């Protein structure tokens with residue numbers, strides 16, 4: 001459908017998009033960004049190859065907009081954004097271009113994401129190093145980045161102290177249980193949150209003694 005641009009009209013319902021007309025016939029809808037990037041104007045002639053390239057660029061722009069929407073909701077890892085865009089059937093070339101663009105402008109950064117994840121967990125839902133590493137692996141963060149971030153932040157929090165605080169809170173729900181059952185349940189509770197086994201045993205024994213010496 002090659003032809004000459006006779007009109008570019010901003011859509012009434014979405015001022016961020018425009019309708020492109022070739023030879024007075026509607027050709028396709030485009031984002032304003034695509035119109036500006038291409039320098040489209042009345043009188044410009046577009047070939048079939050131009051139109052196909054416009055459609056690819058438009059698809060890429062939509063993928064970028066979708067990715068921004070995901071990141072506005074909450075921070076995400078590179079792998080998370082890639083998975084979400086794949087589910088929306090974008091082509092791999094478009095996805096990788098979007099990811100590169102987001103990384104270049106600093107909106108997508110696995111190291112920053114991992115640090116934020118660790119900080120949020122520390123403040124709101126403590127986990128041990130093993131638990132944090134497992135969660136970040138599920139988010140698609142590389143083992144190298146995970147280990148580096150956990151090493152960097154290790155001095156910012158005390159795993160044993162956090163385990164003890166959690167255990168004391170949980171112990172109230174276990175009051176009255178015999179020692180064997182108390183230990184099994186509290187150990188399982190802390191282990192599921194990724195605390196090291198030596199910390200778990202030490203903390204559970206301390207909390208048991210506190211609970212039975214009051």
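From the list 54, 20, which one is in the same structural domain as residue 95 (by TED's automatic domain parsing) and either in contact with a strand residue (DSSP E or B) (Cβ under 8 Å, 6 or more places away or on another chain) or farther than 21 Å from residue 95 by Cα (or both)? Write out each step before concluding.
Values: 20 fails: in the same structural domain as residue 95 (by TED's automatic domain parsing).
The conditions single out 54.
How many residues does segment 10-35 contain that are out of contact with any helix residue (DSSP H, G or I) (no Cβ under 7 Å at 6 or more places or on another chain), under 27 Å from residue 66 (Cα atoms) and surrounded by fewer than 11 Cβ atoms within 10 Å (Cβ to Cβ)?
3
Would it be correct to say that residue 118 is buried (at least 17 other Cβ atoms within 10 Å of the Cβ), closer than 30 Å to residue 154 by Cβ and out of contact with any strand residue (DSSP E or B) (no Cβ under 6 Å at 6 or more places or on another chain)? Outline the logic, then answer.
Working: buried (at least 17 other Cβ atoms within 10 Å of the Cβ): yes; closer than 30 Å to residue 154 by Cβ: yes; out of contact with any strand residue (DSSP E or B) (no Cβ under 6 Å at 6 or more places or on another chain): yes.
Judged against the criteria, residue 118 is a match.
Considering segment 126-159 alone, what residues qualify as being in contact (Cβ under 8 Å) with a residue 40 or more places away in the chain, surrounded by fewer than 17 Cβ atoms within 10 Å (Cβ to Cβ) and either under 29 Å from residue 209 (Cβ atoms) or over 18 Å from the mean Cα position of the chain (by Cα) (or both)?
130
Let me spell it out: the conditions are (1) exposed (fewer than 12 other Cβ atoms within 10 Å of the Cβ); (2) within 14 Å of the chain's Cα centre (by Cα), and residue 85 meets all of them except one. Which number is the exception?
Here residue 85 clears every test but (1).
From 137, 184, 180, grab the single residue that is closer than 30 Å to residue 76 by Cβ and at pLDDT 90 or above. Even if it seems obvious, please write down each step before you answer.
On the way: 184 fails: closer than 30 Å to residue 76 by Cβ; 180 fails: closer than 30 Å to residue 76 by Cβ.
The unique qualifying residue is 137.
Checking the structure you have, find out if any residue of segment 46-58 is surrounded by 16 or more Cβ atoms within 10 Å (Cβ to Cβ), at pLDDT 90 or above and not in a helix (DSSP H, G or I).
yes
In the list 108, 99, which residue meets the criterion of being modelled with pLDDT of 95 or more and either part of a loop (DSSP other than H, G, I, E, B) or exposed (fewer than 12 other Cβ atoms within 10 Å of the Cβ) (or both)?
Numbers: 99 fails: either part of a loop (DSSP other than H, G, I, E, B) or exposed (fewer than 12 other Cβ atoms within 10 Å of the Cβ) (or both).
The unique qualifying residue is 108.
Those residues that are surrounded by fewer than 16 Cβ atoms within 10 Å (Cβ to Cβ) and assigned to a helix (DSSP H, G or I), I need them from segment 171-182; list them, please.
If the condition is that a residue be surrounded by fewer than 16 Cβ atoms within 10 Å (Cβ to Cβ) and assigned to a helix (DSSP H, G or I), then 172, 173, 179, 180, 181 are the ones that fit.
The values are calculated or read from the model by the stated rules, or taken from the named source; none is laboratory data. As the structure is a computational prediction, the values presented were derived from the model and not from experiment. All Cβ positions, glycine included, derive from the backbone under ideal geometry; neighbour counts span all protein chains shown.
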